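Since the structure comes first, as structure tokens, the remarks are kept for the end.
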Amino acid sequence: MFLSRIVLAIISSVGLCYSAGCFSQGSPQPNREVIAILGTGDMGDSFGPRLAKLGYKVIYGSRSPASERVLALIENTGNGASAMTSDMAARSAEIVFLAIPWEPMEQVIKSLGDMEGKTIIDLSWPASILADDGHYQMTTDPSGAEVIQGWLPKAMVVKAFGTTGSNVIDNPNDADGLVTIPIASDHREAKEITARIAAELGLDPVDAGPLRMARNIEAMMELYLVPHTQGRDSGWEFYFRRTNYWQCNTYTGSEDVSGGLSEADLANLAEMPMTHAAPEPCKE
């Protein structure tokens, strides 16, 4: 995959997880899940300190857990943070963030074990090429998150957080307004866990449907990079404004819209934290 420095700075997180060792500092707060962050690059070192401040115990997965850089990150993270190899970190956690590049993803994932019942949050940039028009084109089929779910059939894989940069994770007010995080998964519980974390980070989670919708989220990731690949002096962040227009009006001008959600959709429809004002009630 051909990634420019700006792509690496915004999306990828270098710092993979292989060699042995474990180094910790401080004491965790009780009653919070343990979160493993595989990767200590641009996104990993943004999520870790923010999550630790929220009371989560953070374990970094790193190929060099004893390196000066990782030890400094542990110190900066606090709240009992530690660093281990990726397999040790993931097995010690209830929630696992995948903040590593795509190239080693399969090797890392297959070293973890079956991860049964764990929430695996994929924020990675899947394999891509630089197309003839100068923009990135993803080549992972059908989507990176679906491929990962295939590698970990007993885990609850979620696609989330890949549609924004580390600057927003560091400071959710950087965009002068709410930034939306679409969340796709076949597992309602995992979507709700991810949504709760997103809201606690000051972001705006939305249920984007089943995991196959990760294809659309990853397309949004391509769209996110358009201004950067063109060298513009400004980019954008995504915000989904709420409306109940279609819920209040069934006539589209050409056909009657009816039927609503299927039973499968209703069973997997996650409850999202309220991060915005409710839409106006339907007019009678």
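The values are calculated or read from the model by the stated rules, or taken from the named source; none is laboratory data. Just so it is clear, the model here is predicted, and its values are computed rather than measured. Don't worry about glycine lacking a Cβ; one is built from the backbone with ideal geometry, like all the others, and counts go over all protein chains shown. For the accessible areas, the whole protein counts, side chains as well, though only heavy atoms, and no ligand, DNA or RNA atoms are used. Shrake-Rupley method; radii C 1.70, N 1.55, O 1.52, S 1.80 Å.
Key figures for this structure:
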item	result
Test: residue in segment 50-65 that is open to solvent by less than 30 Å² (accessible area, probe 1.4 Å), under 18 Å from THR164 (Cβ atoms) and modelled with pLDDT of 95 or more	yes
Residue list for segment 53-82, restricted to those being within 18 Å of the chain's Cα centre (by Cα) and in a loop (DSSP other than H, G, I, E, B)	LEU54, TYR56
Elements of type helices (runs of 4 or more DSSP H) contained in segment 191-252, each with 3 or more residues being of a type in the set (A, V, I, L, M)	214-224
Criterion violated by ALA195 - all others in (1) in contact with a helix residue (DSSP H, G or I) (Cβ under 8 Å, 6 or more places away or on another chain); (2) closer than 29 Å to ARG91 by Cβ satisfied	(1)
Pick from segment 173-196, criterion touching a Phe, Trp or Tyr at 6+ places or on another chain (Cβ under 7 Å) and not aliphatic (A, V, I, L, M), ranking: least open to solvent (accessible area, probe 1.4 Å)	THR180
Conditions (1) part of a loop (DSSP other than H, G, I, E, B); (2) open to solvent by 30 Å² or more (accessible area, probe 1.4 Å); (3) touching a helix residue (DSSP H, G or I) at 6+ places or on another chain (Cβ under 9 Å): number failed by VAL147	(1)
Residues within segment 150-172 that are assigned to a helix (DSSP H, G or I) and either in contact with a strand residue (DSSP E or B) (Cβ under 6 Å, 6 or more places away or on another chain) or open to solvent by less than 20 Å² (accessible area, probe 1.4 Å) (or both), tallied	3
Filter result for ALA199 (aliphatic (A, V, I, L, M), at pLDDT 95 or above, surrounded by fewer than 21 Cβ atoms within 10 Å (Cβ to Cβ) and under 25 Å from ARG242 (Cα atoms))	yes
